[in-house]
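K.L.:
Sharing a structure below in structure tokens format, with a few things to ask.
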Amino acid sequence: MSAFVTLIRHELRQVTRGGGDVLTLVLFFVITGAIVPFAVGPDQDLLARIAPGIVWIAAFLAMLLGLDRLFRPDHEDGTLALLRLSGLPMPAVVAAKMLVHWLVAAVPLLVASPFVAVLLAMDGSMLVGTMLSLLLGTPALAAFGAVGAAVTVGLRRGGLVAPILVAPLSVPVLIFGAGSIGGQQAGSALLLLAALSLTSVAFAPFAAALAISSAED
């Protein structure tokens, strides 16, 4: 357990060094929400209806930005090979990296979501629903992203291929996530979103570890 916590601390220091990546994710998320009103016009009712989908599309695209740095730098400098020889199982290594990815990619989006909600003419209840749905759904996006990054870690242009693999897996998350914000079936959508996140987080470390082991061999 101490090795797992130490790895998380090390990954957090590496990822947050300089803070540029986190700021890029937040700015991308906010800018996406800011440009939509200019595209759809001043119709506040229309903007409020499409706001849940826009929020989830922006969150999905923002979380894709950091996938190429999830495993590739460690693969290229030999760190992954050393981690395989350590006493920490590879699924635990993947789980630590996946947790750090969620902390530095999804948590800032939760903090920035009130700004996007204002830009998209959301009311207070929709804002609460937005934050709750992001909290429950973004772990699934992080899990799918970890699997996609692991599968493509040995490819020369894996950073371009990983989003293509992750996008189909993430479609149910986007559907349930948008449906859980202000919809008539919001409660059911939230439960399905939580179940999807729990299932994907449970299985993703093992699938990603298998893909990494195949790439390293």
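K.L.:
Please give the peptides 188-201, 70-83 ranked by average Cβ packing (other Cβ atoms within 10 Å per residue), highest first, as a rough proxy for protection.
P.N.:
188-201, 70-83
K.L.:
May I pose another question? Keeping all protein chains in place, calculate the accessible area per residue for the chain (probe 1.4 angstrom), answer in Å².
P.N.:
On a per-residue basis, 49 Å².
K.L.:
For the stretch 95-209, which whole percent of the accessible surface, found with a 1.4 angstrom probe, sits on carbon and sulfur atoms? Display every interim value, and only then the final one.
P.N.:
On the way: 3860 of 4960 Å².
The value for the stretch 95-209 is 78 percent carbon and sulfur by accessible area.
K.L.:
Please report the Cα spread of the stretch 1-46 along all three principal axes, rounded to whole Å, starting with the longest.
P.N.:
Its Cα atoms span 54, 23, 9 Å along the three principal axes.
K.L.:
What spacing in nm lies between the two simple spin-label points modelled at Val171 and Val107, each 7 Å away from Cα in the Cβ direction?
P.N.:
3.3
K.L.:
Here is a further query. For the ranges 88-96, 56-64, what's the packing order if you count other beta-carbon atoms within 10 Å of each residue, average per peptide, and put the highest first?
P.N.:
Ranking, from highest mean packing down: 56-64, 88-96.
K.L.:
Just how far, in whole angstrom, is the stretch 66-88 from the stretch 99-175 if you go by their alpha carbon centroids?
P.N.:
Centre-to-centre (Cα) distance: 22 Å.
K.L.:
Over its Cα atoms, what ratio of radius of gyration to 2.2 N^0.38 Å does the chain give?
P.N.:
1.04
K.L.:
Right, here's the next one. I need the semi-axes of the equivalent ellipsoid of the stretch 154-213: take the C-alpha gyration tensor, multiply each eigenvalue by 5, square-root it, list largest first in whole angstrom.
P.N.:
Ellipsoid semi-axes (Å, largest first): 29, 15, 5.
K.L.:
For the stretch 8-132, what log10 I(q)/I(0) values come out of the Debye formula at q = 0.13 1/Å, with one point per alpha carbon and no solvent?
P.N.:
-0.60
K.L.:
Next up: Quick check: the angle from helix 186-216's long axis to the longest principal axis of the chain, C-alpha only, nearest 10 degrees?
P.N.:
30
The values are calculated or read from the model by the stated rules, or taken from the named source; none is laboratory data. Predicted model only: the values in this text are computed from it and were never measured. Cβ sites come from the backbone with ideal geometry, for glycine too, and all protein chains shown count toward neighbours. For the accessible areas, the whole protein counts, side chains as well, though only heavy atoms, and no ligand, DNA or RNA atoms are used. Shrake-Rupley method; radii C 1.70, N 1.55, O 1.52, S 1.80 Å.
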